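Below: the structure, in structure tokens.
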Amino acid sequence: MRNWITITLIALLLTIPAFGDTIYIWTDKNGVKRFSDQPPADVKEFETVQGEKSGAEDENREGLQQMFNQVEQENREAEERRAEKEAARKAEAERKAEAEKEARIKAERDRLQQQIDALNKRALSSTFTQGMRDNQVKELQKQIDALK
């Protein structure tokens with residue numbers, strides 16, 4: 001009985017490479033190259049590589065290793081491209097935020113300057129003296145200077 005189990009196991013182990021002879025290769029939506037012994041479910045275009053069923057396992061391993069190395073290199077390149085795009089997007093977002101900040105500062109500076117101009121045009125009276133005008137203009141000018 002024990003010999004029978006051993007012989008069956010050895011026979012199964014020898015036939016396993018014959019079942020996994022097709023490799024499916026495709027590029028996913030993130031640009032990463034994938035491979036599997038099962039066809040991809042959500043991808044229409046993929047390549048197949050047929051393995052040899054002869055006993056040349058060393059040649060198959062070498063070919064598979066080359067293919068794995070190539071896929072790994074392509075994945076690294078895709079990751080680098082994605083990182084470059086992300087860095088460019090981030091830099092653009094920072095430039096845009098800086099431009100918006102400058103626009104808000106300019107709008108606030110213009111608003112404060114209009115208040116100064118309105119104070120300078122306002123007529124002096126017993127309830128609005130030159131000293132009051134100067135103090136208000138000075139306070140508005142401090143706010144303008146703080147915007148820089």
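Read the figures in this text as sums done on the coordinates, not as results from a lab. Quick caveat, the model's predicted, so the values are computed rather than measured.
Listed values for the stretch 114-120 are Karplus-derived 3J(HN,Hα) couplings in whole Hz (6.51 cos²θ - 1.76 cosθ + 1.60, θ = phi - 60°), namely 5, 5, 4, 4, 5, 5, 5, and x replaces Gly and Pro.
Amide H contacts under 5 Å for residue 22: 51, restricted to partners 5 or more places along the chain or on a different chain, H placed in the peptide plane at 1.01 Å from N.
Rounded to whole numbers, the Karplus 3J(HN,Hα) couplings from phi for the stretch 88-96 are 5, 5, 5, 4, 5, 5, 5, 4, 5 Hz, using 6.51 cos²θ - 1.76 cosθ + 1.60 with θ = phi - 60°, and x at Gly and Pro. Annotation: extensible slack from residue 90 through residue 37 equals 15.3 nm (criterion: 0.36 nm per residue apart, minus Cα-Cα distance).
The percentage of C-alpha pairs in the stretch 66-115 whose separation is greater than 12 Å is 74%. Which of the lysines could a cross-linker bridge to residue 85, judged by Cα under 25 Å and excluding same-chain residues fewer than eight apart? Cα-Cα hits under 25 Å: 29, 33, 96, 101.
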